[in-house]
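*Asks:* Take this structure first; my questions come after.
The values are calculated or read from the model by the stated rules, or taken from the named source; none is laboratory data. Just so we're clear, the structure is a prediction, and the values are computed from it rather than from any experiment. Neighbour counts are summed over all protein chains in view; Cβ atoms, including those assigned to glycine, are modelled from backbone coordinates with ideal geometry.
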Amino acid sequence: MDRQHRRLAGECADLRERLAQTEDRVEQLQNTLQAVARETGIASVTHPCRRCERSLLLVRDGQLYCPNCRYGRTV
Ligand SMILES: [Zn+2]
């Protein structure tokens, strides 16, 4: 293997490691989010906000809303 191939293989291994860490982190956040939602009376966490795409929409008291951009509407 020449130097460039070794460098690419190293970068690839780094990316795989970072991806695995990110997947673990996402799973931890999903579990935490579900628990927090249950404890705060949020009925469900749905699809991404179409307006800002920076958060998932929440459903509480029959209202769908985005906690990031405050977009909201009645379900
Ligand atoms: Zn939004």
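*Asks:* Can you tell me which of (1) more than 19 Å from the chain's Cα centre (by Cα); (2) more than 16 Å from the ligand (Cβ to nearest atom) is the one residue 23 doesn't meet?
*Replies:* (1)
*Asks:* A further question on this structure: Inside region 59-75, can you point out the residues that are more than 15 Å from the ligand (Cβ to nearest atom) and hydroxyl-bearing (Ser, Thr, Tyr)?
*Replies:* Scanning region 59-75 gives a single hit, 74.
*Asks:* I'd like the full set of residues that are within 14 Å of the ligand (Cβ to nearest atom) and not polar (S, T, N, Q), limited to region 27-58.
*Replies:* Going through region 27-58, the residues within 14 Å of the ligand (Cβ to nearest atom) turn out to be 45-58.
Residues satisfying the conditions are 45, 47, 48, 49, 50, 51, 52, 53, 54, 56, 57, 58.
*Asks:* In region 36-75, what residues are among the polar types (S, T, N, Q), loosely packed, with under 10 Cβ neighbours inside 10 Å and at pLDDT below 90? Working first, answer last.
*Replies:* So in region 36-75, the residues among the polar types (S, T, N, Q) come out as 40, 44, 46, 55, 63, 68, 74.
Next, only the ones that are loosely packed, with under 10 Cβ neighbours inside 10 Å stay: 40, 74.
If the condition is that a residue be among the polar types (S, T, N, Q), loosely packed, with under 10 Cβ neighbours inside 10 Å and at pLDDT below 90, then 74 is the only one that fits.
*Asks:* Here are the criteria: (1) more than 16 Å from the ligand (Cβ to nearest atom); (2) surrounded by 10 or more Cβ atoms within 10 Å (Cβ to Cβ). Tell me which single one residue 5 does not satisfy.
*Replies:* The failed condition is (2).
*Asks:* Let me ask another. Residue under question is residue 21, and the condition is that it be in contact with a strand residue (DSSP E or B) (Cβ under 9 Å, 6 or more places away or on another chain) and in a helix (DSSP H, G or I); does it hold?
*Replies:* Values: in contact with a strand residue (DSSP E or B) (Cβ under 9 Å, 6 or more places away or on another chain): no; in a helix (DSSP H, G or I): yes.
Criteria not met by residue 21.
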